[in-house]
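The values are calculated or read from the model by the stated rules, or taken from the named source; none is laboratory data. Keep in mind it's a predicted model, so treat the numbers as computed, not measured. Neighbour counts run over all protein chains shown; Cβ positions are idealised from the backbone, glycine included.
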Amino acid sequence: MEQHRRRIDQVMDPAFTEGLDEIALDEIRNRRKMLDELDTEFSYYRRVLHGRMDLLDFEMRRRAGTESRSLIEALPEILSDGSASHTSNPLDRELSVDTPEFAGAGRREVDRALADDFLARLPFLQDSELVTIRDGLGAAEREVSDQRRAVYDAYEIITTELTRRYREGAADADELLSAN
C-alpha cells in the first residue's frame, strides 16, 4: 500500500482493503482500529457542522420573518434537534474531548469551515454572507459524509475478513480477550 500522510487517504486507497487474506491479523486489527477512530472524528465533525448549519438556518428564518424568537430563546431547541439525528450505527463512539485531531484549523475544507468565527459576528453579517457561510458548511458536511461512507465501506470489508478468519479457525477469538 502506497504511503499516504492522512489516514483517510490510506482508507480511500484501494490497497487498504485489497489482499487482506495475505495480511497479518494484527495489521487487519490495526486498520479496523483506525477506521473506528476516523468514524469518531467524522461523526464529531458532522455534528458540529450540523449544529452550525442549524444555527444559520434559524438566523436566516428569523431575518426572513418566519421566526419571531431570538436565537438565544431558540437555542435549547436548536441544539436538542441535532442530537435527535444520532444514529445507532455500531461504528458510532463517544467523542474523546482530548483527541488532538479535532482542534485547530488546517487545510481541509472542514477545518476551514469550523475555524470560521461567524457565530461571534452573526448579528453583523449580511444576508448574502450567511448564505455563503451556509454553502461552505454544506460543502464541508458533504465531503465529511463522503469520507465517512468510505470508512463504513472499508470497515465492512475488514470485518468480513476478520469474521472469515475466526470462522475458519485462522484466528482465535480468545486472543481478543487476552489482548485487552
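Numerical summary
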{"quantity": "Residues (part of a helix (DSSP H, G or I) and free of Cβ contacts under 8 Å to residues at least 12 places away in the same chain) located in segment 115-152", "calculated": "A115, A120, R121, P123, F124, S128, E129, T132, D135, R142, D146, R149"}
{"quantity": "Which listed residue is surrounded by fewer than 14 Cβ atoms within 10 Å (Cβ to Cβ), at pLDDT 80 or above and β-branched (V, I, T), from V97, V110, V144, V131", "calculated": "V131"}
{"quantity": "Scan of segment 47-79 for residues that are closer than 19 Å to Q126 by Cβ and of a type in the set (D, E, K, R), ordered by number", "calculated": "R52, D57, E59, R61, R62, R63, E67"}
{"quantity": "Unique match (being modelled with pLDDT of 95 or more and part of a helix (DSSP H, G or I)) among L38, L79, L55", "calculated": "L38"}
{"quantity": "Residue list for segment 28-46, filter: in contact with a Leu (Cβ under 8 Å, 6 or more places away or on another chain) and surrounded by fewer than 18 Cβ atoms within 10 Å (Cβ to Cβ)", "calculated": "R29, R32, D36"}
